[in-house]
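Engineer: Submitted below is the structure of interest, expressed as structure tokens.
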Amino acid sequence: MSPVPKSEPEIESKLKTVTIRLRDTLEANTTYTLNFGNAVRDVNESNIARNFTYIFSTGSTFDSLTLSGKVILAANGKVDSTLVVMLHKNGDDSAVVNEKPRYLARLDSSGNFRFRNLPWGTFYIYALQDQGYDTVESNLRLGFAVDARDFGIAAAMLRLLSQDKVRLLTNNPAKVAGLEAAGITVAERVPHKLPPNPHNAHYLEVKRDRTGHLL
């Protein structure tokens, strides 16, 4: 369902009838799209009504703008059809983690995506995977280094502040090595200690086991 609701709708099916109960209050003057993908089939012969879509509006008009494109992996120029393309209204980096996207679209087998019935406005677009890759594997599959940060930039900033010696709050030995390689003396590495919780336990395990964090 787009725009993406805060609470997932309840869906029931019985023979020829599909009942959808929305648990959110609908926004005014908004076009909503229910995309059933390939879930709707003929009762007798199981022929698929591909990408069957139901559209309704809470205003007097329907939004009709479209946005389409193609996603290619930077690492190898290939397509990963498991990726999901998201549109956010909030441009903050943290919005991808802290907020649900406004609109979602999946890639087809050729890497193409298309958003339909969009309103006028500014959106921020992201392509992410939802197959459970950890932070290391995600970077590699997207063609990035495991850690692409340049600690020389931080060292240059410190020198501009006339600081050539620091106590560094980190669990990452690579940060210490990176700063020292750039000419900054790390007088002490101060461990960053917080107990794990169900939301970050796997993330911390990956940091420890795959990137050498001291946890």
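Engineer: Between I55 and R106, what length in nm is gained on full extension when 0.36 nm per residue of separation is reduced by their alpha carbon distance?
Structural biologist: Net length gain for the segment: 16.5 nm.
Engineer: Packing-wise, with mean Cβ within 10 Å as the measure, how do 95-107, 184-196, 162-174 rank, highest first?
Structural biologist: 95-107, 162-174, 184-196
Engineer: Which whole-number percent gives the relative contact order of the chain, counting Cα pairs below 8 Å spaced six or more residues apart?
Structural biologist: Reported relative contact order: 15 percent.
Engineer: Okay, moving on. As an exercise, use a Förster radius of 35 Å and the Cβ-Cβ distance of R159 and K70 to find the FRET efficiency, rounded to the nearest 0.05.
Structural biologist: 0.20
Engineer: Highest GNM mean-square fluctuation, the chain, Cα pairs closer than 10 Å: which of N139, N76, N38?
Structural biologist: N38
Engineer: Can you give me the convex hull volume of the Cα atoms of the range 45-145, divided per residue and expressed in Å³?
Structural biologist: Cα-based convex hull of the range 45-145, divided per residue, equals 150 Å³.
Engineer: Might you tell me the accessible area per residue for the chain, computed with a 1.4 Å probe and given in Å²?
Structural biologist: 69
Engineer: If you build a Gaussian network model of the chain, linking Cα atoms that sit under 10 Å apart, which residue out of S94, S81, S109 swings the most?
Structural biologist: Highest fluctuation among the options: S94.
Engineer: Which FRET efficiency value, to the nearest 0.05, is calculated for K6 and Y126 with the Förster distance at 25 angstrom and r the Cβ-Cβ distance?
Structural biologist: The pair K6/Y126 has a calculated efficiency of 0.85.
Engineer: Continuing with the same structure: Under 22 Å from the Cα of K193, which lysines turn up, not counting those fewer than eight places away in the same chain?
Structural biologist: Those lysines meeting the cut-off are K175, K207.
Engineer: Let me ask something additional. Setting aside same-chain residues fewer than 8 positions from K89, which lysines have a Cα under 20 Å from its Cα?
Structural biologist: Cα-Cα hits under 20 Å: K6, K100.
Engineer: Now a separate question. Note the full-extension length gain between R167 and R208 as 0.36 nm times their separation in residues minus their Cα-Cα distance, in nm to one decimal.
Structural biologist: So the chain would gain 12.6 nm between R167 and R208.
Engineer: Whenever you get a sec, compute what percent of the accessible area on the chain sits on carbon and sulfur atoms (1.4 Å probe).
Structural biologist: The value for the chain is 51 percent carbon and sulfur by accessible area.
Engineer: Same structure, new question: Between A145 and N35, what length comes free when the chain is fully extended (0.36 nm per residue of separation minus the Cα-Cα distance, one decimal in nm)?
Structural biologist: Stretched fully, the A145-N35 segment lengthens by 36.0 nm.
Engineer: Take every Cα pair under 8 Å in the range 1-57 that's 6+ residues apart, average their separations, divide by the length, and report that relative contact order as a whole percent.
Structural biologist: 30
Engineer: Select one label from (i) 21.5; (ii) 16.8; (iii) 17.8: the one whose number is Kirkwood radius over Cα pairs in Å as derived from the coordinates shown.
Structural biologist: (i)
Engineer: Also, quick follow-up: Please state the shape class of the range 140-215: rounded when a/c is under 1.5, otherwise prolate if a/b exceeds b/c and oblate if not, all from the C-alpha gyration tensor.
Structural biologist: Oblate, because a/c is 1.5 or more while a/b does not exceed b/c.
Engineer: A further question on this structure: Averaging sequence separations of C-alpha pairs under 8 Å and six or more residues apart, then dividing by the length of the range 158-200, give the relative contact order as a whole percent.
Structural biologist: The normalised contact order for the range 158-200 reaches 42 percent.
The values are calculated or read from the model by the stated rules, or taken from the named source; none is laboratory data. Note that the coordinates shown come from a computational prediction; the quantities given were computed from them, not determined experimentally. Virtual Cβ from ideal backbone geometry, glycine too; neighbours counted across all protein chains shown. These area figures cover heavy atoms from the full protein model, side chains too; ligands, DNA and RNA do not enter into them. Shrake-Rupley method; radii C 1.70, N 1.55, O 1.52, S 1.80 Å.
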